[in-house]
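Presented below is the structure to which this report refers.
Every read-out reported here was derived from the displayed coordinates using simple, explicitly stated rules and does not represent laboratory data. From a predicted model like this one, the values you see are computed outputs, not experimental measurements. Here the Cβ positions follow ideal geometry from the backbone for every residue, glycine too, while neighbour counts run over all protein chains shown.
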Amino acid sequence: MNNNSLGLSAVPSLLAAMDALTLEPDFSTFFRKAAMSVQSILGADGTALIMLDDTGQHFEYRLFEGSRQHLLGAFRGMRFASTQGIAGRTLRTKNSIFVSDYPADPDAMPSLISAGLKANLVIPLIAFDQVIGVLASSWFNDNQPQISPNALNLAERIASQIAVACHREQLEHRLRSLVDTDPLTQALNRHGVISRLDARLQRLREHHCSFALFFIDIDGLKTANDNWGHEVGDCLLRDAANRLNDAKRKSDDLGRLGGDEFLVIAECDEAGVEVLAKRFQQALRIHFGTGRKCGRLSGSIGVVLAPADGTDQISLLRKADAAMYRAKLDGGDRVYRASALVDVEPEKSISSVDIDGALDRNELCLWYQPIINLSNATVEGFEALLRWQKPSAKVITATPIVNAIESARGDIDYRVGNWVLNNAVAQILEWQRQGVTASMHINISARHFLHPSFLAELQSVCELSTDIGKSLLIEITETAMLEDLERARRIMLRCHDMGVRVAIDDFGTGYASLTYLKRLPLDVIKIDRSFVADLPHNKVDRDIIKGIVSIAHALGLQVVAEGAELCEQVQALHELGCDQVQGYVVHRPMPVSAVPAWLTDQQRDVAGGVKNGAVIYSAFPVAHESIPYRFESC
């Protein structure tokens, strides 16, 4: 084809490409329009975008537009040395090179000759005097093309606009990488990986592409930090991230959620889940150190599959996190599927009849959440939290159970309350035999606390041992006081006679006044989690907590803050005068089998983390500061 006749008639094509640059935010759409303009000007069969990689050592086919997609489209993603081909010659000279007989050229690439390439025009893409890639126009017919100077000039002008767009796209990509990259591990950060999760969910809705989430916690990293220091811990964390990156596939997304937690998003089916999980598990079996001073890392992995386990971000993360946590509780270096292990049923599916049956079948159990002294980080006690362990391995938390009981008539609340009281006391006795001295907080409903039989039941369990009373603390809500203030006062006094202390739970959510606090023989106030959630930045909550603490201490009461999830919240609560703290920053509720190991770790942490009576707050693990939802502790 002869292009000598091209002149002003080609200008609209050039203007169309320039307009595309300013009007098209999507680079692929822009390139398609620009490439079609170049083909129109030159009479070419196709146009390819070939870019230099970050090292400048290799070219890579990125995009191809034209009538011969079936030929050159197959080369998309192909890499070759930056010294090879006509592109390599263009890089060296920074000039456009037209080859009318491609197979005869000494720099011709055999793979392109085999694809039927007959002629080639390669134009350098230059940004700030640096070649960042080339624009390669191709002909596949036997008629040797001729390119006029005018046509070449127009094609080069469009190429310069493509170069500007490429440079802009590279800068935007680098900026996005900086925003979405964790500086320590170079994996995606929390923002980046959650964005990828949202994109996968969108693909799931539009194209029904299933994918898996692997929620990974590095076992042993905290011990490494404590024994060898955070510099070694950071090196191990980078090594773990690199190993996960090597184990995943190129199409999978790896991100660090925070601390020692990672998330891998992988498009796969059931069979692929098992293969990938084993690869991640094996990759994280890391031994380090020499001689006696050595350690070992591993991974606790929770897995969910979308859409089978959920179709929204929060439920998928919650289930994957719960499965990971169970893997960690069972000793670590385990992979658990959420669907086969933990499932919290919705409240509306549970009735008092279900709870009654669970009680008869001995399916109820107690989990324990520790309460820590803020002045020295020692364990003050545990709150006993009700769980329903179903035969299907599903664990139902306290909230739907309590809601079902409170909405029921009859004596189910007394029966469950007595069961909790008796089992909590039995656990106190067992711990005392093991040498563990810690108080036990148990929740008693308003109806049960005010019931005529409550004191007799309490008396009977306290008679099991002379030490029971001083280890037991009854938590009641403000509602129990307000229903019958004088009766509540008499019951509290009788509790004191038995050595049992009494606390107001969720203080600040009801209507208790200073008068009530003065009249009632209370021992402890538990500040509701709603006042803790926005610490340390919410000034109103800080002032409220400071006021509660001041009043409580003036009345001789201790103050426990519930629902702390961050180390910064612990620091703020200590500064505001709270005596004790409870929440995920200390530990999640755990089954009784996990308590001894946790106590051993905690005692070691306290021994190494407290100096001169001052808490070293790094002893508190930062828990879930990166998860976009809050956990319920009961």
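Can you give me the relative contact order of segment 347-598 as a percent, contacts being Cα pairs under 8 Å and 6 or more apart? Show your work: numbers first, answer last.
Values: 413 pairs, mean separation 47.7, N = 252.
That works out to 19 percent.
Going by the alpha-carbon gyration tensor, a ≥ b ≥ c the square roots of its eigenvalues, is segment 411-553 rounded (a/c under 1.5) or, if a/c is not under 1.5, prolate (a/b greater than b/c) versus oblate?
Prolate is the answer for segment 411-553, as a/c is 1.5 or above and a/b outweighs b/c.
Report, by chain and number, residues whose modeled amide H sits under 5 Å from the one on CYS209, excluding near sequence neighbours (fewer than 5 apart, same chain).
When sequence neighbours closer than 5 places are left aside, the close amide H contacts are LEU204.
What FRET efficiency would be calculated for the residue pair LYS394, GLN57, taking the C-beta separation as r and a Förster radius of 56 Å, to the nearest 0.05? Each step should come with its number before you reach the end.
Values: r = 55 Å, r/R0 = 0.98.
Here the calculated transfer efficiency is 0.55.
Residues with beta-carbon under 9 Å from that of LEU576, excluding LEU576: net charge, scoring Lys, Arg +1 and Asp, Glu -1? Spell out each step's value before the answer.
Details: positive: ARG542, LYS546; negative: GLU575.
Spelling it out: positives minus negatives among the neighbours equals +1.
Read phi for every residue in segment 360-370 and hand back ³J(HN,Hα) as whole Hz from Karplus 6.51 cos²θ - 1.76 cosθ + 1.60, θ = phi - 60°, with x for Gly and Pro.
5, 8, 6, 9, 7, 8, 10, 10, 10, 10, x
Please arrange LYS394, LYS539, LYS33 by how many other C-beta atoms lie within 10 Å of their C-beta, fewest to most.
Values: LYS394 13, LYS539 9, LYS33 18.
Ascending number of Cβ neighbours within 10 Å: LYS539, LYS394, LYS33.
Sort ARG604, ARG387 by Cβ crowding within 10 Å, fewest neighbours at the top.
Details: ARG604 14, ARG387 19.
Least crowded to most crowded, the residues run ARG604, ARG387.
Which one, TRP228, ALA338, GLY299, projects farthest toward the positive side of the charge dipole computed for segment 182-340 from Cβ point charges (K/R +1, D/E -1)?
Of the candidates, TRP228 comes out farthest on the positive side.
Once you sort the root eigenvalues of the Cα gyration tensor of segment 347-598 as a ≥ b ≥ c, which label holds: rounded (a/c under 1.5), prolate (a/b larger than b/c) or oblate (the other case)? Could you put the intermediate results ahead of the total?
On the way: a/c = 1.39, a/b = 1.24, b/c = 1.12.
The shape class here is rounded.
Express in whole angstrom the spacing between the alpha-carbon centres of segment 379-439 and segment 112-169.
74 Å
Student exercise: in segment 347-598, how many lysine pairs 8 or more apart or on different chains have Cα atoms under 22 Å apart? Can you show the working numbers first?
Details: LYS348/LYS390; LYS348/LYS394; LYS470/LYS526; LYS518/LYS526; LYS518/LYS546; LYS526/LYS539; LYS526/LYS546.
Lysine pairs meeting both conditions in segment 347-598 amount to 7.
Which residues does the label zone of ILE314 cover in segment 523-537, counting backbone N under 20 Å from a point 7 Å along Cα→Cβ?
529-535
May I ask you to sort CYS567, CYS578 by Cβ crowding, counting other Cβ atoms within 10 Å and putting the fewest first? Provide the component values of the computation, followed by the final result.
Numbers: CYS567 17, CYS578 24.
By the 10 Å Cβ count, ascending: CYS567, CYS578.
With a ≥ b ≥ c taken as the square roots of the eigenvalues of the C-alpha gyration tensor of segment 379-451, please select rounded if a/c is under 1.5 and otherwise prolate if a/b is larger than b/c or oblate if it is not?
Oblate.
Which stretch or stretches of segment 137-166 have amide N atoms under 19 Å from the point lying 7 Å from SER67's Cα along the Cα→Cβ direction?
Flagged as within label range: 137-148.
Take the Cβ-Cβ distance between ALA597 and ARG238 as r, set R0 to 22 Å, and report the resulting FRET efficiency rounded to the nearest 0.05.
0.20
Given points 7 Å out from each Cα along the Cα-Cβ axis, report the LYS470 to ASN150 separation in nanometres with one decimal.
Using points 7 Å along Cα→Cβ, the separation is 10.5 nm.
With θ taken as phi - 60° and the coefficients 6.51, -1.76 and 1.60, list the Karplus ³J(HN,Hα) couplings across segment 134-144 in order, rounded to whole Hz; mark glycine and proline as x.
Per-residue couplings from phi come out as 9, 10, 10, 9, 10, 10, 10, 9, 7, 7, 5 Hz.
Tell me, what ³J(HN,Hα) does each residue in segment 422-435 have, in order and in whole Hz, if you take phi through Karplus 6.51 cos²θ - 1.76 cosθ + 1.60 with θ = phi - 60° and put x for Gly and Pro?
With coefficients 6.51, -1.76 and 1.60, one gets 5, 6, 5, 5, 4, 6, 4, 4, 5, 5, 4, 5, 8, x Hz.
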